[in-house]
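Let me begin by presenting the structure, written as structure tokens, before commenting on it.
The values are calculated or read from the model by the stated rules, or taken from the named source; none is laboratory data. Model, not experiment: these values are computed from the prediction. Glycine gets a Cβ as well: all are built from the backbone with ideal geometry, and neighbour counts include every protein chain shown.
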Amino acid sequence: MEYALLGWPPDGPTLRLDHRRFAYAGKFVMSTTGKAVVRRSGAEGPPEGGVGGDDARQVAPDGVAYDTDVLSALAFDADHTDDRTLRYRYVTVRSDLRGEGLGPRLAAFVAPRAADRGYDRVAIAVNNPFAYEAMYKAGFAWTGRESGLAELVLDRPARLPEGSPDAEPYRAGLERYRERDLGDPEASFLTARVGADPPERLVNAGFDPLDPDGRRDPDD
């Protein structure tokens, strides 16, 4: 697989994702946001069989072909109140690949490229503890703020410094989710994380966001 930054706002590219396999698929049709993807490399061959074992998922209802090589996608634009902050709007992973780390790796991939574009910080609002945990792996930390939609707002420097995040904000954010009396599997996850330290950052685990494919992006 390969990581690619397809374009920046306000004139970003569009993606046609299969709504049966991707959450927020319709949000990636908008051209006002930048896009980045993890996609199947040419060497990996064609996609596997689709829904129902036929080719139906490869064509949208309006007859336009889906982007079947995409495994994960991220849409982003400048924060509405701070143009030095890049805001991640939507992160989606193909349903059969969730839990494999593609979302946080893609989030980590975009951040240093945002720094090259002049952004100081990157922010995201998350509405569930699984996304919260995933973004911590990408170097984000809870700001102590919530959005108007009761999402927890996390951010990070565009160029991530060395070190580990403070455990107290991490635990406080998880406690906010516990206050919402969520059902399983979220409740079991939150119980297992009582008193836990933040997860290991991808950069500390050997993931290089500047060269995730083992090669330098020619556009960097």
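One line per residue, one yes/no per condition, for (1) over 30 Å from Glu200 (Cα atoms); (2) in contact with a strand residue (DSSP E or B) (Cβ under 8 Å, 6 or more places away or on another chain); (3) at pLDDT below 95; (4) not in a helix (DSSP H, G or I):
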| residue | (1), (2), (3), (4) |
| --- | --- |
| Leu5 | no, yes, no, yes |
| Val37 | no, yes, no, yes |
| Ala43 | yes, no, yes, no |
| Glu48 | yes, no, yes, yes |
| Gly52 | yes, no, yes, no |
| Gly63 | yes, no, yes, yes |
| Ala73 | no, yes, no, yes |
| Arg87 | no, yes, no, yes |
Fill in: Near pairs, Cβ below 8 angstrom, 6+ apart or cross-chain, from segment 14-32 (without any contact (Cβ under 8 Å) to a residue 12 or more places away in the chain) to any residue that is surrounded by 14 or more Cβ atoms within 10 Å (Cβ to Cβ)
His19/Ala25; Gly26/His19
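For Ala196, state whether it is in a loop (DSSP other than H, G, I, E, B), surrounded by 12 or more Cβ atoms within 10 Å (Cβ to Cβ) and modelled with pLDDT of 95 or more. Give the steps one after another, and end with the answer.
On the way: in a loop (DSSP other than H, G, I, E, B): yes; surrounded by 12 or more Cβ atoms within 10 Å (Cβ to Cβ): yes; modelled with pLDDT of 95 or more: yes.
When the stated conditions are applied, Ala196 passes them.
Look at segment 187-213 and say how many of its residues are over 19 Å from the mean Cα position of the chain (by Cα) and under 24 Å from Arg156 (Cβ atoms).
Number satisfying all stated conditions: 6.
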Response to the item:
The condition of being without any contact (Cβ under 8 Å) to a residue 60 or more places away in the chain and crowded, with 18+ Cβ neighbours inside 10 Å holds, among Leu152, Leu182, only for Leu152
Discussion item. I'd like to check something: does segment 133-145 contain any residue that is small (Gly, Ala, Ser), more than 23 Å from Gly195 (Cα to Cα) and either at pLDDT 95 or above or outside any helix (DSSP H, G or I) (or both)?
Written reply: no
Worksheet entry | Filter result for Gly173 (part of a loop (DSSP other than H, G, I, E, B) and either surrounded by fewer than 18 Cβ atoms within 10 Å (Cβ to Cβ) or modelled with pLDDT of 95 or more (or both)) | no
Worksheet item: Tell me, which residue of segment 90-125 that is of a type in the set (Gly, Ala, Ser) and assigned to a helix (DSSP H, G or I) is farthest from the chain's Cα centre (by Cα)?
Response: Ala115
Worksheet item: Among Ala115, Ala167, which is the only one that is modelled with pLDDT of 95 or more and either of a type in the set (Ser, Thr, Tyr) or surrounded by 14 or more Cβ atoms within 10 Å (Cβ to Cβ) (or both)?
Response: Ala115
